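First the structure, in the form of structure tokens, and then the observations on it.
The values are calculated or read from the model by the stated rules, or taken from the named source; none is laboratory data. Everything numeric in this text was worked out from a predicted model, so none of it was measured. All Cβ positions, glycine included, derive from the backbone under ideal geometry; neighbour counts span all protein chains shown.
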Amino acid sequence: MKPDGRDPGLPSLDRLTAGLATALRPDGSAEGVTVLARERNRDESTFPTEIVTCLVGRNRSPLRLFIKYGTSRFNRAFGHRGDVA
């Protein structure tokens, strides 16, 4: 845990909200995306993962998402990283 309370390897709340908006909103607007909870996945391995509960757009039913973060650098293992990245 960093001094500001963030987990290393996980994006800030603002960056997470912007990423969710890009993936889930037709116009990419962060307006209407509200993160309700973030829970670090205890079973992660190579890459950081978390479970995010959020509200998106007019659909005000909570949405739970499993999010796996990657990296631009990775030791090559004959071009294979394993399971879904």
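Worth pointing out:
- Within the range 1-34, considering residues that are modelled with pLDDT of 80 or more and charged (D, E, K, R), the one surrounded by the most Cβ atoms within 10 Å (Cβ to Cβ): Arg25
- Pairs with Cβ under 7 Å, 6+ apart, first in the range 54-67 and farther than 16 Å from Leu13 by Cβ, second of a type in the set (Gly, Ala, Ser): Gly57/Gly32
- Yes/no for Arg15 being among the basic types (Lys, Arg) and more than 18 Å from Thr71 (Cα to Cα): no
- For the range 41-85, the set of residues classified as among the charged types (D, E, K, R), at pLDDT below 90 and surrounded by 11 or more Cβ atoms within 10 Å (Cβ to Cβ) consists of Glu44, Arg81, listed by residue number.
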